[in-house]
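One structure below.
The values are calculated or read from the model by the stated rules, or taken from the named source; none is laboratory data. The structure presented is a predicted model; accordingly, all values stated were derived computationally and were not measured. FYI the Cβ positions are ideal-geometry reconstructions off the backbone, even for glycines, and counts take in every protein chain you see. Ligands, DNA and RNA are excluded from the accessible area calculation, which covers all protein heavy atoms including side chains. Shrake-Rupley method; radii C 1.70, N 1.55, O 1.52, S 1.80 Å.
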Amino acid sequence: MNDFNELIKSDKPTLVDFFATWCGPCRMQGPVLEEVKNKVGDTANVLKVDIDKNVELAQRYRVQSVPTLILFKSGEPVWRAVGLQQGDVLEAKIKEHLS
């Protein structure tokens, strides 16, 4: 939990994928996130949070459907989407929030 809080407080954009192992679209989102992570490199953080193992975090950020993706910058959510997202959309959102 402390690691999560430290990462989202970073000046780097941090994209968090709230997912569940039983969710089909979540499984499809995984490879897309890997591709985005490779493209953005060290300019941003990309995290996955299992909502079944991190119920408190899911509740804190009002995650009601999965996948839910939230982009944080300096501890604040700056963008949010629910459902399967395309890699180019995610990459563009991250680039929008680079310092």
For residue 72, residues with placed amide H under 5 Å, excluding near neighbours: 14, 15, 16, 78
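In whole percent, how big is the carbon plus sulfur part of the accessible area of the chain, probe 1.4 Å, protein atoms only? Before the final figure, lay out the partial values.
On the way: 2750 of 5650 Å².
For the chain, the apolar C and S fraction of the accessible surface comes to 49 percent.
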Whole-Hz ³J(HN,Hα) from phi, Karplus 6.51 cos²θ - 1.76 cosθ + 1.60, for segment 73-78, glycine and proline x: 9, 6, x, 10, x, 10
Debye, to nearest 20: dipole size of segment 1-65, +1 on Lys, Arg Cβ, -1 on Asp, Glu Cβ: 160
Distant-in-sequence amide H partners of residue 19 (H built 1.01 Å from N, under 5 Å): 49, 50, 51
Coarse-grained scattering of the chain at q = 0.17, 0.19 Å⁻¹, given as base-10 log I(q)/I(0) from a Debye sum over alpha-carbon atoms: -0.68, -0.86
HN-Hα J in Hz across segment 56-65 - Karplus 6.51, -1.76, 1.60, θ = phi - 60°, x for Gly and Pro: 4, 5, 4, 5, 4, 9, 6, 7, 10, 9
Mean ellipticity per residue at 222 nm, deg cm²/dmol - from DSSP H runs of n ≥ 4 across the chain, formula -39500 (n - 2.57): -12000 deg cm²/dmol
